[in-house]
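Every number here is computed from the coordinates shown, using simple stated rules; none is lab data. As the structure is a computational prediction, the values presented were derived from the model and not from experiment. Neighbour counts run over all protein chains shown; Cβ positions are idealised from the backbone, glycine included.
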Amino acid sequence: MHVAIIGNGIAGITAARFIRKLSDHDITVISAETDHFFSRTALMYIYMGHMRYEDTKPYEDWFWPKNRIELKRAWIERVDVEGKTLYSSQGEAIPYDKLIIACGSAPNRFGWPGQDLRRVQGLYSYQDLQGMEAASGELERAVIVGGGLIGVEMAEMFHTRHIPVTFLVRESSYWDMVLPPEESQMVNRHIREHGIDLRLRTELDEILDDGTGSAGGVRTKAGEEIDCGFVGLTAGVHPAIDFLKDTSIEMQKGILVDDYLQTNVPDVYAAGDCAQLRNPKPGRRPIEAVWYTGRMAGETVAYNACGHPTAYDPGIWFNSAKFFDIEYQVYGDVQARAPEHHASLYWEHPEGRRSIRLVFDRNAGHILGFNLMGVRYRQEVCEQWIREKTPLREVIQNLGLANFDPEFYDEYEPEVVALYNTQTGDNLQLRQKRGLRAALKFLNHKQLN
Amino acid sequence: MSVKRNPLTLLQWIGLGIFLTALLLFTLVLGLDDYRLHPDSLAVSNTYHKEALLEAARDQGMLNRTYASSFAFAPAFQRAFRQAQADLQNRFDQQGAPEGVGEWEYKLGDWMEQEYLLHTVKHSSRGPVRSNPLLFWLLTIGLGILGGLLYILPKFRGLPGIKNNHIYHSHMTRGMKLSVRSAFLAAALFGIIGYGIFYLGGNYFWPGVSLLIALLITGLVLYKPKTSPGDESRSASPHATAWIGLITGLYLIGFYVLLYWTPQHLTGWMILSDPLSHTLSGKEASQWFVYGTLYTVAVLVMGVRMIAKYRHNRYQIIRTISVMFFQLAFAFLIPEILVRLNQPYFDFKNIWPLNYTFFFDWNLNNLIGSGATGLFMLVWGIALIVLAVPLLTYFYGKRWYCSWVCGCGGLAETLGDPYRQLSDKSLRAWQYERWIIHGVLVFAVIMTMGVLYSYLPAGELWFNQRNFLMLVMLMLAGAMGYTYYRWKRGAVDISRLGIRVGIGVTVLLIGISAYHLFSGSEKFFFLNSNETRQWYGFLIGSAFAGVIGTGFYPIMGNRVWCRFGCPLAAYLGLVQRFKSRFRITTNGGQCISCGNCSTYCEMGIDVRWYAQRGQDVVRSSCVGCGICAAVCPRGVLRLENSSLDMDERTKHLRALHIPESKTALPN
Ligand SMILES: Cc1cc2nc3c(=O)[nH]c(=O)nc-3n(C[C@H](O)[C@H](O)[C@H](O)COP(=O)(O)OP(=O)(O)OC[C@H]3O[C@@H](n4cnc5c(N)ncnc54)[C@H](O)[C@@H]3O)c2cc1C
Ligand code: SF4
Ligand code: SF4
C-alpha cells in the first residue's frame, strides 16, 4: 500500500511518522516548499539571526531514509481522486492508494488595491522569509497590516534590523478578538515600549505603487498616507486548497472532514491547517490553524489511514505565543468578550508585563481556563483541573501546583490568593507552592483513580 | 547579506577601542624587553650548576650580549645548558662528584632545563616592562578590564529578554564551515600526536596508542552509520566562516601552546604580574599565576556580560554569580593566600579526576607533610570524590558542579557564552562524545591506579598495595553490579551495547587488579606509571583541556572539553544518568519544535528531540546550565529535582495524545 501525503508540515510529517510506526506501507511526502520538514514557527528566528535554517529542522536528514519515508519536492497541480493519482507541475504522475492532504494555509489578501505589487507579502513560507530578507537591505520603513500573532512576529523581526515599523491594526486594541482587554492592552503597551508605531483602529485602504511596480506606501481608510518600502500582510490565513478546486472533494473554507478526518472521498483524508471539521467540539472552531492541533490531527489521521478508526479529539484547548519579551500561554476556555456565565480573577504585576487570569463559571463555580502573560503554567495540571471541573476555591488554594516558572523565580500565587480573598471576603490560604513533587503526586493520584 | 545590526553606542566603541589597544599592547609586551645574560640573572642557586652554565655561556659568547627576543635568547641558553650538561657529565665521569655532593646535585639533569630556562629568561629580561611592571599591568590587563566593562555595561539598558539577535550574522559567533572545522580538528589531532612524540623524547608508545584509539573510535562511530559519510546533516556549518572567530580561535590556541609548552616566551606577562603576585602570595609570578589572573578576569568581566544578557532569568544570574565567586575565591585567591601562609597550594573545589594530579606522589607527600591542614585537604579531596559527587549529584544533578562551581565550566559559561550555539547537535557527535569522554575516564582511572599503586608500600601499612587493589575491585564490582541490577529491572534506559561495554571495561579493570594482587608485579597494567602520567598530563591535561578546550570555543562551542574530554564530567554524568533526581521536564504538548533549545545547548544535546515528544530530558552530559529553558519561546522546559517517577521519567511521552489503550495496535 502506498500512502501519499501532500505537505511536509507538522501535520503531514506527524502523519508519516505514525504511519511508519503503525505499518509497513510505502510513504511519500510531497512538498513544493523545502526538501525537508522545518519548523515554520521558527521562521522569525532565522531572520533575526538566532538560528540557521538547518537548526529549524526537527529531524536530521538521515531520519527519512532510515524510516523509509520518501520525500519528494514537487508542486501538486491536480489530483485525480477517481484514478487515485497526483499530477505534479512537472507532469509527473504519482499513483497512491491512500491520500492525506496536509497542505496548510496561505496568507489572507482581502482584495486591497495594490496587494499584488512587489514587496507586498505575508509571512508563511520559507520563500516569504527569503522575500523579507531580500527587501530588508535598504528598507527605511515597513508597514504591517493585521494585528495577529504573525504581525507582531514580523514587527519584532524588522525591529531587530532597526527598520522602523508601522503596525496597522483594525481593532481598537491588539488581537482583542482573542485576548481579554487587560492582556490586550498590556501587549499594546509592550509593542509601543519597543518603539513600534502601533496604529489602532486603522484600516488599510490601498497600497501605493512607488512607480516601479513595488510598494511605495499605504493609504489608510482615514486617508493618511504612510511611505514605506514593504507591506506585510498578516491579517490571518486561509487553507491553501485552490489546487483541489476541480476535484469532487467537498470543501468550504477548508477541506471538509468528519470525526475521523476523512473527506467525502474514500481513502482521502485531510489534517492540519487545511482541514475543516464538520462537527467541531463545542466551543471549538472548525479550522484551528495552530501547530499543536496540526500535530494531533497528524497522529490521528495516521491511525485512521492504517485502519484503526480513531476519532479526532484535540483535548482541552491550549496555545502559546510570544509578544516580543512577553510569553503568553492559554489553557481552556478564555474568551475576549466573556459570555454571561464567565467570570474571571485577574492579577497583574505592577510592572505591567506579567499577569495571571483564572476564568471560572460564575454559577457553577468551577474553573474554565487560564490566561497567562509572562508566567509559565504546567499544561497537564491546568488541563486536569479544567477537565474535572475543579471548583475555583480548590484551584486557588493549590495554584502553586501549576507554576512552571524556572527555579528562583518569584512566585505570584500568594498574590493571586490574596486578591481572591479581597475580592470575595474569603480567607483562603495557598496550600501548595511550586514544585515537581507535588505536581506529580497530584497528577498520578488523579490518574490512578 | 547586509544586515543592520545593533548599532554600538559611543561608549561601546570607546570600550572596544580600549580593549583592543590593551590586547595589542598585552601581546606586544612579550617582545618589548630585550634579554641579556649576566651572572646575577642566571636564576640558578646550585653553585655547581651555576658555574658550569656560566662557563658554557661565556664560551659561547652569550654573556653580556643583548638578544632582541626570547626566541633568540632561549635557544642560545639551551645550547649553553647542553654544553654545561656535557661538561659536568665529563667531569663526573672522570673524577666523580665532590665529597658529600649527590650525583644530581652535581650533574645537570634533563628535567632541570625547563625550570632553569624559564627563570633565567625571566630574570635576564631588561626594558620598559621590567622597569615598570605595575604600569604595564594597568595598561594591559587593567585597561582590558576597563574596555571590556565599558563595552558590556550599556547592555544593561533596554528591556530584559532573550538577546540572541544576530548571533548567526556575526563574524565572531556564527562558527566555521564544516571544511574549516574539520581542518582544525585534523591539524589539532596530528599536531598534538606529533608534538607528543617530541615531548616524550621520541617515545612512540603512547602517541601511537592514542592515535590507534582515535582511529578505533572513529571506526566505531562510522561503522553502521545512520547517515552516509558525506552527509553533513545538521552540522554546525554556516554559510560563511566567522573570520573574526577564526582569528580569535587561533590566538587562543597559540596562547595555550606557549603557556603549556614554551612558557619561556611569556616572561613579559609574568614580569608585569609580579607586583600582584607578591601582594597575594609573597612569591614571584609564574606562568600559572598569569594564567590564573587572566582566567579570573575573563570569568569576572564576561560574567557581568552574562548577567546583563540573561537579566530576565534569575537562575542565570545566581548561577553566574556563583561561578564568578568560586573562580575568584576558591581557584584564585585562597590558594595564593595559602601559599603566603606557608600552606600547600590547594584549590578546594577541584576534584579528581579533573584534578588528575591529586593522587600524584608529590602532591600526596606535600599534603601529608603539611600537618593538620594538609591532612584536612587530603581528607577533603577524597570526601569530594566519594561523598560530594554522588550525593550532590543525586539530589541536584551534575549542574551543582559543572555550571555552578567548576572553573572550566565557569569559563565556558562566561567567556564562552557567545559560542554556545556552535556545539554539534548531530547524532554522530553524540556517538563520538560517548566513546571519547568515557575513554578519558577509563584512562584517568588506570593512570591514577598505576600512580597510587607504585606510591603505596607493598606491606607494612594497612593501606598497602594489596588492600588498595581489593578496595578498587570491590568498588568497581559494586558499582557495576548495582547498575546491572537496575538495568535488568528496566529502571535505567540504556542500550544493550552500552551495558556490555560497561561490563567489559569493569571486568578488564578487575582482572588486571586481580593479576597484580596475585603476581605482585611492579608495573601496573604493564605500564610505566611515570610515562603514563606524563602522557596523560600532556594529552588530556594540557592539549585537550586547554588547547582544544578553550582554543576551540569559536570553532566547536564553549564546552568541547566538558562534553568530550572531562573525566569528572563523565563520572558526574554516570551518576546523573543512573541515580539522580534531576531532569528537565517538558510542558505537555506546548513545544513548537522551533529548535532554540537545541541550538543554544552548549552540550550539543538535541533538547527539541525530547521536548517535541513531551519526554523528560535525562542525559548524562546535561550540565544544567538552564539556557535551553531560558531561550525557549514557549516556556516548555523546566529544570527540576524530584524523587517521584524518576525511573519512568524518560519513558513518558506527553505529546502523544492518543493513548495506546484506545486503539488496538498490531504487534
Ligand atoms: C510565522 C509563523 C509563526 C507561527 N507560530 C505559531 C506558533 O507559535 N504556535 C502555533 O501553534 N502555530 C504557529 N503558527 C501556525 C503553524 O505554523 C501552522 O498551523 C502549522 O505549521 C500548519 O501545519 P500544516 O502541516 O497544516 O501545514 P504547513 O506547515 O503549511 O505545511 C503544508 C506544506 O504543504 C505544501 N503544499 C501545499 N500545497 C501543496 C501542493 N499543492 N503541492 C505540494 N506542496 C504543497 C506547502 O508548501 C507546505 O510546505 C505559525 C505560523 C507561521 C507562518
Ligand atoms: S540540556 Fe539545557 S540545561 Fe542541559 S546542558 Fe543543554 S542547555 Fe544546559
Ligand atoms: S522546547 Fe521550546 S525551544 Fe525547544 S523546540 Fe520546543 S518550543 Fe522550541
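Structural remarks
- Scanning residues 5 or more positions from A:Glu206 or on other chains, those with amide H under 5 Å from its amide H are A:Arg219, with H placed 1.01 Å from N in the peptide plane.
- Residues with amide H under 5 Å from that of A:Phe167, placed H, sequence gap 5 or more: A:Ile144, A:Asp197, A:Leu198, A:Arg199
- For chain B, the alpha-carbon coordinates run over 95, 73, 51 Å along the three principal axes, in decreasing order.
- Whole-number D in µm²/s for chain A (Stokes-Einstein; Kirkwood sum over Cα pairs; 25 °C, 0.890 mPa s): 103 µm²/s
- The alpha carbon convex hull volume per residue for the protein assembly as shown rounds to 204 Å³.
- Total formal charge among the other residues, if their Cβ is under 9 angstrom from that of A:Leu204, Lys/Arg +1 and Asp/Glu -1: 0
- Between the C-alpha center of the range B:499-559 and that of the range B:411-479 there is a gap of 7 Å.
- Derived scalar couplings ³J(HN,Hα) [the range A:30-35; Karplus, 6.51 cos²θ - 1.76 cosθ + 1.60; whole Hz; x for Gly, Pro]: 10, 8, 8, 7, 9, 5
- Relative counts (whole %) of C-alpha pair distances in the range A:120-235, using bins that are 10 Å wide: 14, 49, 32, 5, 0
- Charge context of B:Thr241, other residues only, Cβ under 11 angstrom, K/R +1, D/E -1: +3
- Counting every other Cβ atom within 10 Å of each residue's Cβ, A:Tyr409, B:Tyr199, B:Tyr485 order from fewest to most as B:Tyr485, A:Tyr409, B:Tyr199.
- For the listed peptides B:263-276, B:101-114, a ranking on the average number of other beta carbons within 10 Å per residue, highest first, reads B:263-276, B:101-114.
- Neighbour-count ranking [beta-carbon atoms within 10 angstrom, fewest first] of B:Val451, B:Val623: B:Val451, B:Val623
- HN-Hα J in Hz across the range B:603-614 - Karplus 6.51, -1.76, 1.60, θ = phi - 60°, x for Gly and Pro: 8, x, 7, 7, 4, 4, 3, 7, 4, 6, 8, x
- Partner shielding of A:130-137 amounts to 1, given as the average count of beta-carbon atoms from other chains within 10 Å of each residue beta-carbon.
- Listed from fewest to most Cβ neighbours within 10 Å, the set B:Ile540, B:Ile334 follows the order B:Ile334, B:Ile540.
- For A:Ala275, the residues 5 or more places off, or on other chains, whose built amide H falls under 5 Å of its own are A:Ile255.
- Legend: distances between Cα atoms for A:Lys72/B:Lys177; A:Lys322/A:Lys433; A:Lys433/B:Lys579; B:Lys50/B:Lys107; pairs beyond 21 Å are A:Lys72/B:Lys177; A:Lys322/A:Lys433; A:Lys433/B:Lys579.
- Per residue of B:155-164, other chain Cβ atoms within 10 Å of the residue Cβ number 3 on average.
- Exercise: per-residue mean of other protein chain Cβ atoms within 10 Å, A:56-69: 5
- 3J(HN,Hα) along the range A:369-375: x, 10, 10, 10, 10, x, 9 Hz, from the Karplus curve 6.51 cos²θ - 1.76 cosθ + 1.60 with θ = phi - 60°, whole Hz, x for Gly and Pro.
- The mean sequence distance of close C-alpha pairs (under 8 Å, at least 6 residues apart), as a share of the length of chain B, puts its relative contact order at 14 percent.
- P(r) tail for the range A:176-227: Cα pairs beyond 13 Å make up 67% of the total.
- Kirkwood estimate for the range A:318-448, i.e. one over the average of 1/r between Cα atoms, Å: 14.9 Å
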